[in-house]
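Student: Here it is: the structure, laid out below.
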Amino acid sequence: MKSAGISDIGLHRKRNEDSFFIDEDQGIFIVCDGMGGHKGGDVASQLAVQTIRDHLHFTQGEDIVPLLCQSVQAANTAINTMGGRVDALREMGTTATIAIIRDKEMTVAHVGDSSLYLFHAGILTKITRAHTLAEQIAADGFLSDGNRPNSGYSHILTRAVGIEPVINVDIYQLGIANGDQVLLCSDGLTDMMTDEQIGKVMAISGGPELKARLLVDAALANGGFDNVTVLVVSV
Ligand code: CA
């Protein structure tokens, strides 16, 4: 397994509120995109990465899913508590997208509008579903797929780590094969590139470092309106 991560402040923001973490030995990959308060965004995403990382220690044979959910809940409590105590950090929160890759299986925990994609046999598939008002309305059948990207609702999160005392975590589990690639990214990438454009980059030959670089450069070339974080894993 090889991997690479890049986080870029973008061309318009004063701070980078994204955080990411890679542990190839344990197969742990995390992307968090923070938000809120005056200074809360970067604090929330860093605190989430740190707390989740500290909770994820695997030995043999334990069940990954409860451990993952506990780690996100611990991050939620840490951010919610700090946000309640410090005025400048009030209502801070963060997305969290975590992939655990081991023994030809990937377990994903997900909250918010960062994304995880699987590139398998030349086809890019978005695995996670964004917790945005646009997705919620679409799921309820009121907004067609074609209206989603430009909808004013596409940036309103319905769920984020740290906002409420208890967090509901989406879990996905799927098989993974040699030659597959996994992409975790913040919305600074997906707002600047279509899935088709991302798929074209994933299809070229080259390692995770090259692809992470090309994706970040493309997001910047397309406007770089937000912080952009890209983490590519080659299995
Ligand atoms: Ca963002």
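For every residue, the table says whether it meets (1) over 27 Å from Phe225 (Cα atoms); (2) within 16 Å of the chain's Cα centre (by Cα).
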{"site": "Leu118", "(1), (2)": "no, yes"}
{"site": "Gly141", "(1), (2)": "yes, no"}
{"site": "His155", "(1), (2)": "no, yes"}
{"site": "Ser186", "(1), (2)": "no, yes"}
{"site": "Glu209", "(1), (2)": "no, no"}
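Student: Of these, Gly61, Gly40, Gly36, which one is surrounded by 24 or more Cβ atoms within 10 Å (Cβ to Cβ), modelled with pLDDT under 95 and out of contact with any Pro (no Cβ under 6 Å at 6 or more places or on another chain)?
Tutor: Unique residue meeting the criteria: Gly40.
Student: Among the helices (runs of 4 or more DSSP H) contained in the stretch 155-222, which hold 1 or more residues that are within 16 Å of the ligand (Cβ to nearest atom), on the phi < 0 side of the Ramachandran plot and polar (S, T, N, Q)?
Tutor: 187-190
Student: Related question: Might you check whether a residue that is surrounded by fewer than 18 Cβ atoms within 10 Å (Cβ to Cβ), within 16 Å of the ligand (Cβ to nearest atom) and either over 29 Å from Pro208 (Cα atoms) or touching a residue at least 24 places away in the same chain (Cβ under 8 Å) (or both) occurs anywhere in the stretch 15-30?
Tutor: Yes, because at least one residue in the stretch 15-30 is surrounded by fewer than 18 Cβ atoms within 10 Å (Cβ to Cβ), within 16 Å of the ligand (Cβ to nearest atom) and either over 29 Å from Pro208 (Cα atoms) or touching a residue at least 24 places away in the same chain (Cβ under 8 Å) (or both).
Student: Related question: State which residue is nearest to Val108 (Cα to Cα) when the search covers only the stretch 53-78 and only residues that are in contact with a Phe, Trp or Tyr (Cβ under 8 Å, 6 or more places away or on another chain) and touching a residue at least 24 places away in the same chain (Cβ under 8 Å).
Tutor: Ile64
Student: Give Val161, Val86 a once-over and let me know the one that is within 27 Å of Ala44 (Cβ to Cβ), within 13 Å of the chain's Cα centre (by Cα) and among the aliphatic types (A, V, I, L, M).
Tutor: Checking each option against the conditions leaves just Val161.
Student: Given (1) free of Cβ contacts under 8 Å to residues at least 40 places away in the same chain; (2) within 16 Å of the ligand (Cβ to nearest atom), identify the lone condition not met by Ala44.
Tutor: Every listed condition holds for Ala44 apart from (1).
Student: Would you check if there is a residue in the stretch 92-106 being among the hydroxyl-bearing types (Ser, Thr, Tyr) and surrounded by fewer than 21 Cβ atoms within 10 Å (Cβ to Cβ)?
Tutor: no
The values are calculated or read from the model by the stated rules, or taken from the named source; none is laboratory data. Only a predicted model underlies this, so the values are computations on that prediction, with no experimental measurement involved. Please note: Cβ atoms are built from the backbone with ideal geometry, for glycine as well, and neighbour counts cover all protein chains shown.
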